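Q: What follows is a single structure, and I will ask about it in a moment.
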Amino acid sequence: MTEAYEVPALRRADMVLQRLAEVRAPVRAAELLEATGLARSTLYLLLESLERRNWIERSGDGYVIGVRLFEHGSAYLRHDGLQEAFRTAASAFVARHNEAVQMAILDGAEVVYVAREDANRPVRLVSDLGTRLPAHCSALGKAIMASMDDADVLAMLPPTLVALTERSITRVPQLLKALAQVRNAGVALDVEEVSAGLHCFAAYVGKTAMGRRVAVSTSVPIDRMDRRREKLLAGGIAQLAKQVGVRMSR
């Protein structure tokens, strides 16, 4: 079977944009040359073209993602109705529990954060919008995968389940057992599987009109947890998922 044709210019632009999206600091042209392997003349022409369209911007002696690209990406939430469905219900959750809450979609074997409502106090989070996490070791990912058949889960998993912390799930039988527990409980957990010191609760929302599987979660420092609060947050995140699901289906 022949491979699908790929437009070289788009592939090159994607390589540059992906590298810029991976880091928080501006990326210099020399670093982009090394990361992409493009010829110097090709890269500089590409950077000039992307900058002219505001897809990227200069920052000091490097480049960052531009405001126009942010605008294009934000349109995804409008098309799928995700942001509107999330906003009101998330605000109510934060007002009641004073904990941040986030929403993510499944993309391949990863979850991608697409919305967040912050609490009125500092919290250690890894959920900047656009952040990707392996589905197998995040509460969000487990909540979504629990909505799927095991055969479909196995088909989407990468060959190796990477560990983000020493507590991350890295064995398929362990993951399938965890998903069975999520199906029974209705809420997925990760305790320091993504980030040391964080206890996360997540629940499955449903599928968007475009077929994306969605979940919501809250991440809480372990030093603020006890049995009573664990029960409240688990129930709260399950209720939030139902509310977002109802709004998303309208």
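Each value in this text was obtained by applying a stated rule to the coordinates, not by laboratory testing. Predicted model, so just to flag it, every value in this text is computed and none were measured. Because the Cβ atoms are built from the backbone with ideal geometry, glycine has one as well, and the counts that use them run over all protein chains shown.
Q: Through the Karplus equation 6.51 cos²θ - 1.76 cosθ + 1.60, θ set to phi - 60°, convert the phi angles of region 154-162 into ³J(HN,Hα) values in whole Hz; use x for Gly and Pro.
A: Those phi angles translate into 4, 5, 8, 5, x, x, 10, 8, 6 Hz.
Q: Of the labelled options (i) 61, 45, 39; (ii) 54, 42, 24; (iii) 48, 39, 34, which one gives Cα extents along the principal axes in Å as computed for this structure?
A: Matching the structure shown: (i).
Q: How far apart, in nm, are two points set 7 Å out from the Cα along the Cα-to-Cβ line at Ala30 and at Glu51?
A: Each label point lies 7 Å from its Cα, and together they span 1.7 nm.
Q: How much FRET efficiency would the formula 1/(1 + (r/R0)^6) give for Arg250 and Leu10, where r is the Cβ-Cβ distance and R0 is 45 Å, rounded to 0.05?
A: 0.80
Q: Using Cβ contacts closer than 10 Å as the measure, can you line up Val111, Val162, Val172 from fewest to most? Before the final figure, lay out the partial values.
A: Working: Val111 32, Val162 10, Val172 14.
So the residues, fewest neighbours to most, are Val162, Val172, Val111.
Q: Once Lys and Arg get +1 and Asp and Glu get -1 on their Cβ, which of Gln83, Ser138, Ala100 lies farthest toward the positive end of the dipole of region 24-138?
A: Ala100
Q: Let me know the charge dipole size of the chain about its Cα centre in debye, to the nearest 20, where only the beta-carbon of Lys, Arg (+1) and Asp, Glu (-1) is charged.
A: The dipole magnitude comes to about 760 debye.
Q: Note the full-extension length gain between Asp150 and Leu232 as 0.36 nm times their separation in residues minus their Cα-Cα distance, in nm to one decimal.
A: Between Asp150 and Leu232, full extension yields an extra 26.6 nm.
Q: Taking the beta-carbon count within 10 Å as an exposure proxy, list Glu166, Glu230 from fewest neighbours to most.
A: Listing Glu166, Glu230 from fewest to most nearby Cβ atoms yields Glu166, Glu230.
Q: Would you be so kind as to identify which of Ala234, Ala202, Val182 lies farthest towards the positive end of the dipole of the chain, taking Lys and Arg as +1 and Asp and Glu as -1 on Cβ and the Cα centre as origin?
A: Ala234
Q: Next up: With r defined as the distance between the Cβ atoms of Leu176 and Gln239 and R0 fixed at 35 Å, what FRET efficiency is calculated, to the nearest 0.05?
A: It comes out at approximately 0.85.
Q: In 5 Å bins starting at zero, report the fraction of Cα pairs in region 9-96 per bin as a rounded %.
A: Reading the bins upward from 0: 3, 13, 21, 20, 11, 9, 8, 7, 5, 2, 1, 0.
Q: Please arrange Ser91, Ser217 by how many other C-beta atoms lie within 10 Å of their C-beta, fewest to most.
A: Ranking Ser91, Ser217 by Cβ neighbours within 10 Å, fewest first, gives Ser91, Ser217.
Q: Hey, what angle do you get for helix 67-80 against the long axis of the chain, alpha-carbon based, 0 to 90 degrees rounded to 10?
A: Once rounded, the angle reads 40 degrees.
Q: Next question, about the same structure. Taking H placed 1.01 Å from N in the peptide plane, check which residues at least 5 places from Arg28 or on another chain put their amide H under 5 Å from its amide H.
A: Tyr63
Q: How far is it, in nm, from the label point at Arg183 to the one at Arg224 when both lie 7 Å from their Cα along the line to the Cβ?
A: Reported label-point gap for Arg183 and Arg224 is 3.3 nm.
Q: Moving on. Pop out the ³J(HN,Hα) list for region 41-55 in order, Karplus 6.51 cos²θ - 1.76 cosθ + 1.60 with θ = phi - 60°, rounded to Hz; leave Gly and Pro as x.
A: Along region 41-55, the couplings run 4, 5, 4, 5, 5, 5, 4, 4, 5, 5, 5, 4, 8, 6, 6 Hz.
Q: Let me ask something else. Just to check I understand the Karplus step: with θ = phi - 60° and J = 6.51 cos²θ - 1.76 cosθ + 1.60, what whole-Hz values come out for region 169-177, glycine and proline as x?
A: 6, 10, 10, 4, x, 5, 5, 4, 5
Q: If you don't mind, there's one more thing I want to ask. Just how far, in whole angstrom, is region 12-52 from region 184-250 if you go by their alpha carbon centroids?
A: Region 184-250 and region 12-52 have Cα centres separated by 37 Å.
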